[in-house]
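Report on one structure; see the data block that follows.
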Amino acid sequence: MYKSKEIRWFKQRPDKAILDWFVQHGQTFDNTDSRTDYYLPLQKEDIAIKLRESNIEIKQRIGEPVKGSLNPDAHGRFENWIKWSFHADKADQLSREIVSGNSHDWIEVAKTRLGIKIIEDSNSNLQIVPVKKQADYGCQVEYTLLQIGGKTAYTFALEWFGDSELQLPDKLINEILGSTLLHAEYSMGYGEYLR
């Protein structure tokens, strides 16, 4: 079981300021791998089910989203989630059918994701580290290029993980966002966006 607090936005066009921040940290869409996730379409906003690289992931939102902002130009909804992940047997017929796209109504989402973790060292100094680095708590910052049904979209998110909530200084938030405007009406989780 994995708990997180997230804020996420979806846009139809790329965001140069956010992309430039990732480039400054050595990440571009050209030097990162892509993957494909399959989402079960649901008529609920507080549950998301996906098949990802032979894993079944179930996310449940706890409570209602809370309106808030990262800075004066970035307004959205903070959501608390619990995630469970189960390994699917490679011989599982249903999983193979979903991935092959030949049956069932799951939504195929191709993702090329840029990701960085922000953590604290033993002296309480913030460190920006690769997303694969293990940490007890911190904040993952991600910017993802999406391909859904032949259409392109982008999502930007911050995900706080662990039992302690890492406080990000305003200066760092402003460095990440630059001149980006993020409006609350585009802030939601994947399940709601795909609906």
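Which residues, taken from region 8-53, are out of contact with any strand residue (DSSP E or B) (no Cβ under 7 Å at 6 or more places or on another chain), polar (S, T, N, Q) and closer than 12 Å to Leu145 by Cβ? Answer for region 8-53, where residues must be out of contact with any strand residue (DSSP E or B) (no Cβ under 7 Å at 6 or more places or on another chain), polar (S, T, N, Q) and closer than 12 Å to Leu145 by Cβ: just Thr28. Hey, any hits in region 132-154 for a residue that's surrounded by 13 or more Cβ atoms within 10 Å (Cβ to Cβ), in contact (Cβ under 8 Å) with a residue 12 or more places away in the chain and among the acidic types (Asp, Glu)? Yes, the conditions are met somewhere in region 132-154.
Scanning region 21-56 for residues that are closer than 19 Å to Thr152 by Cα, over 17 Å from the mean Cα position of the chain (by Cα) and of a type in the set (D, E, K, R) returns a single hit, Asp30. Residues in region 155-166 that are over 17 Å from His75 (Cα atoms) and hydroxyl-bearing (Ser, Thr, Tyr): Ser164 alone. Residue selection: Ile7 satisfies the criterion of being of a type in the set (A, V, I, L, M) and under 25 Å from Asp136 (Cα atoms).
One line per residue, one yes/no per condition, for (1) over 16 Å from Asp37 (Cβ atoms); (2) in contact with a Phe, Trp or Tyr (Cβ under 9 Å, 6 or more places away or on another chain):
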site: Glu108; (1), (2): no, yes
site: Ile118; (1), (2): yes, no
site: Ser122; (1), (2): yes, no
site: Asn125; (1), (2): yes, no
site: Ile128; (1), (2): yes, no
site: Gln134; (1), (2): yes, no
site: Gln140; (1), (2): yes, yes
site: Leu145; (1), (2): no, yes
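Look at region 158-187: where a residue is farther than 15 Å from Arg8 by Cβ and in contact (Cβ under 8 Å) with a residue 12 or more places away in the chain and a partner is surrounded by 12 or more Cβ atoms within 10 Å (Cβ to Cβ) and of a type in the set (Val, Ile, Thr), sitting 6+ places away or on another chain with Cβ atoms under 8 Å, you get Leu166/Ile118; Leu166/Ile119; Leu168/Ile118; Leu172/Ile118; Gly178/Ile18.
For region 155-195, what are the residues that are in contact with a helix residue (DSSP H, G or I) (Cβ under 6 Å, 6 or more places away or on another chain) and surrounded by 15 or more Cβ atoms within 10 Å (Cβ to Cβ)? Steps first, answer last, please.
First pass over region 155-195, keeping only residues in contact with a helix residue (DSSP H, G or I) (Cβ under 6 Å, 6 or more places away or on another chain): 156, 176, 178-180.
Scanning region 155-195 gives Phe156, Ile176, Thr180.
In this structure, Asp105 does satisfy being within 23 Å of Ser54 (Cα to Cα) and of a type in the set (Asp, Glu).
If only one of Trp84, Trp106 is over 28 Å from Gly150 (Cα atoms) and hydrophobic (A, V, I, L, M, F, W, C), which one is it? Walk me through how you get there before you give the answer.
On the way: Trp106 fails: over 28 Å from Gly150 (Cα atoms).
Exactly one of Trp84, Trp106 is over 28 Å from Gly150 (Cα atoms) and hydrophobic (A, V, I, L, M, F, W, C), namely Trp84.
Bear in mind that the values in this text are calculations on the coordinates, not laboratory data. These figures come from a predicted structure and were not determined experimentally. A quick note on method: Cβ atoms are made from the backbone with ideal geometry, for glycine too, and the neighbour counts reach across all protein chains shown.
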